[in-house]
Amino acid sequence: MKVIVVGSSHGGYEAVREVLADQPDAEIQWYEKGDFLSFLSCGMQLYLEGVVKNVNDVRYATPAGMRAQGVSVFTETEISSVDAKKHSVHVIDHAHNKERDEQYDKLILSPGATPATLPVPGNDLKNIYAMRGRDWAIKLKQRTVDPDIQNVVVVGAGYIGIEAAEAFAKAGKHVTVVDMLPRMLAKYLDEELTDILTKEMEEHDIKAAPGQGIKSFSGQNDTVTEVVTDQATYPADLVIVATGIKPNTKWLANVLDLDDHGMINVDDHQKTSADDIYAVGDATLVKFAPTDGTKSPIALATNARRQGRIAGKNAVGIEAKTPFVSGSSALSVFKYNFASTGIKEGTASQYGVKTKSTLVTDTFRPPFVPEENGNAKVWFKLTYDPQTTRILGAQVLSTQDATQNINTISLAIQVKLTLEDLAYTDFFFQPGFDRPWNIMNLAAQQALRDLG
Ligand code: FAD
């Protein structure tokens, strides 16, 4: 069997690994149009902050390592079209200026996405950057140490924008974060928690400018100098746009069923509308667990890898279904760590769900444990259906790492647990780790009291 995999980031990598594991004698051809195999944007902040020193380390796999396992690896090689009837793809080898067609038995696509640009005057000025992929990582890193860059404006206060803001603030730059939404990280946390993080960012010279739309970029000598919003003008030597992504699927428009946003329609087996073609990752939608399967664009490496594995299995004839997901994610913002999953009060209307939430605070460990020994306040917010008491989401924040609670809540959502289940679930206690009542127990118990 000959399997062609397109795209070498999370989804493509996982698909290749799965086919290798399940069918070692399969012929695998792996294509990446960029000049670098398997760069992981998730590691960008660590690189920008100097934790990871070499940009080339931010990857899963090297061409040599994969070739040693029998995979034919092609970088700087683009798949420009697919003939689904003939089971063939058109290959453009940019490195050698050559073109050819390749036959496949199974084709797995993980073309991912590129950062969206803002359709406003001045968006073509120099020093307007994006934060995704190795090329941008290298350019951004140069700017962190560039003395000419003093004022940085980040457009978009999602987790990518906040990662960029923190990296540049740590590099000593004055950072402003602009977003149309009324709060920083509004899709990830509710107000009680974003208030804490916004204060933390302001203490590190990051100015929050929420509730503002970008009108234009202005500049001198073709280089950006200002960002103009509908409320203010901000000086900018560098702008980083992190306002969302567009799937890399134009080349598939006449071959596969795409939705209105260009996302590839797939079934629960990651199969597309064409025979023997699978698709995974940011160019596809996932099914949202709290609403029993609403199709949602949740661009996370976790989803891409899960889907890549499912696609790989199905491609080699092992039936597997992608489970619903809750969109669990985590981030640190200076001294705080937060994580969230499922529905928040701030996103409930988007899913058309009626919710109620309960916020509890506690200490990470029993009160007798001194703060310097790892005790700190924890905020935990649980969101549920007030009628059925089904758990729909949660958020956690602390200077300690309490983020793993969110993985537990993700599982609770997936298996449809209720407040009654969670209130008395058996969680361990040891003063070196936590408290006799885990904060998830406490939140569920308080929620039941709140419901009366
Ligand atoms: P992509 O990563 O977009 O990769 C697609 C690849 O396919 C690219 O290399 C592209 O060049 C190649 N390609 C496209 N079309 C073709 C073609 N026609 N021919 C050949 N090659 C092609 N997610 C998390 O879960 N946790 C995190 O902490 C996290 N942090 C992130 C931080 C940043 C700064 C960013 C930008 C993203 C982060 N993500 C994180 C999201 C995660 O990176 C994406 O969800 C993931 O990369 C999606 O993988 P993918 O395989 O779908 O696509």
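Please treat every number below as a calculation from the coordinates, not as lab data. Keep in mind it's a predicted model, so treat the numbers as computed, not measured. Note: ideal-geometry Cβ built from the backbone for every residue, glycine included; neighbour counts use all protein chains shown.
Spin-label point model (7 Å from Cα, Cβ direction): what's the residue 216 to residue 54 distance in nm?
It works out to 4.7 nm between the two label points.
What does the C-alpha gyration tensor say about the overall shape of region 9-136? Classify as rounded when a/c is under 1.5, otherwise prolate if a/b is larger than b/c, or oblate.
Verdict is oblate for region 9-136.
When the C-alpha atoms of region 94-144 are aligned to their principal axes, what extent does each axis show, in angstrom, from largest down?
So the extents along the principal axes, rounded to whole Å, are 44, 25, 20.
Work out, step by step, the length gained on full extension between residue 93 and residue 361: first 0.36 nm times the residue separation, then minus their alpha carbon distance; give nm to one decimal.
90.8 nm
Quick one: Cα convex hull volume of region 118-157, Å³ per residue?
That works out to 95 Å³ per residue.
Looking at the P(r) of region 314-357, how many percent of alpha-carbon pairs lie beyond 17 Å?
I get 58 percent for the Cα pairs in region 314-357 exceeding 17 Å.
Cα convex hull of region 271-374: mean projected area in nm², to one decimal?
Taking a quarter of the hull surface, the average projection is 10.1 nm².
Given the rule -39500 (n - 2.57) for each run of at least 4 DSSP H residues, summed and divided by the residues of the chain, what is its mean residue ellipticity at 222 nm, to the nearest 500 deg cm²/dmol?
On the way: 10 runs with 105 residues, N = 452.
Counting only the DSSP helices, I get -7000 deg cm²/dmol.
Taking the convex hull of the alpha carbon atoms in region 181-250, what volume per residue do you get, in Å³?
Taking only Cα atoms, region 181-250 has a hull volume of 130 Å³ per residue.
I need the Kirkwood Rh of region 350-401: take the reciprocal of the average 1/r across all distinct C-alpha pairs and report it in angstrom.
12.6 Å
Take every DSSP beta bridge whose two residues both sit in the chain, then give the antiparallel share in percent to the nearest 5.
Given both bridge residues lie in the chain, the antiparallel proportion sits at roughly 65 percent.
Which of rounded, prolate, oblate describes region 224-269, given a ≥ b ≥ c as roots of the alpha-carbon gyration tensor eigenvalues and a/c under 1.5 marking rounded, otherwise prolate only if a/b is larger than b/c?
prolate
Stokes-Einstein at 37 °C, 0.692 mPa s, Kirkwood radius from Cα pairs: D for region 145-219 in µm² s⁻¹?
Details: Rh = 12.5 Å.
Estimated diffusion coefficient is 262 µm²/s.
Once the cut-off is 21 Å, how many percent of the Cα-Cα pairs in region 244-315 end up in the long-distance tail?
Details: 493 of 2556 pairs.
Value for region 244-315: 19 percent of Cα pairs lie more than 21 Å apart.
How are the alpha carbon pair distances in region 1-73 distributed across 5 Å bins from zero to the largest one, expressed in percent?
Bin by bin from 0 Å, the calculated values are 3, 17, 27, 21, 14, 10, 5, 3, 0.
Within the P(r) computed for region 103-207, what percentage of the Cα pairs occupies the region above 20 Å? Display every interim value, and only then the final one.
Numbers: 2559 of 5460 pairs.
The share of Cα pairs beyond 20 Å in region 103-207 comes to 47 percent.
Compute the orientation-averaged projected area for the chain from the convex hull of its Cα atoms and round it to one decimal in nm². Walk me through the intermediate numbers first.
Values: hull surface 94.7 nm².
Convex hull of Cα atoms, orientation-averaged projection: 23.7 nm².
What is the order of 80, 38, fewest Cβ neighbours within 10 Å to most? Before the final figure, lay out each step's value.
Values: 80 11, 38 25.
Taking fewest neighbouring Cβ atoms as first place, the list is 80, 38.
Based solely on C-alpha atoms, express the radius of gyration and the Dmax of region 200-306 in angstrom.
Rg then Dmax for region 200-306, in Å: 19.6, 55.
Mean separation of Cα pairs under 8 Å and 6+ residues apart, divided by the residue count of region 1-146: what relative contact order is that in percent?
Averaging sequence separation for qualifying contacts and normalising by length gives 27 percent for region 1-146.
Fewest Cβ neighbours within 10 Å first, please rank 216, 8 accordingly. Provide the component values of the computation, followed by the final result.
Working: 216 16, 8 28.
Listed from fewest to most nearby Cβ atoms, that is 216, 8.
Just to be sure I understand the model, the point goes 7 Å from the Cα along the line to the Cβ. What's the resulting residue 450 to residue 204 distance in nm?
2.9 nm
If the convex hull of the alpha-carbon atoms of region 330-452 is projected onto planes in all directions, what is the mean projected area in square nanometres?
Here the figure is 7.6 nm², rounded to one decimal.
Straight-line reach from residue 215: which aspartates and glutamates have Cα under 18 Å away, leaving out those fewer than 8 places along the same chain?
Of all the aspartates and glutamates, those that pass the test against residue 215 - Cα under 18 Å, at least 8 places apart if same chain - are 124, 179, 226, 230, 237.
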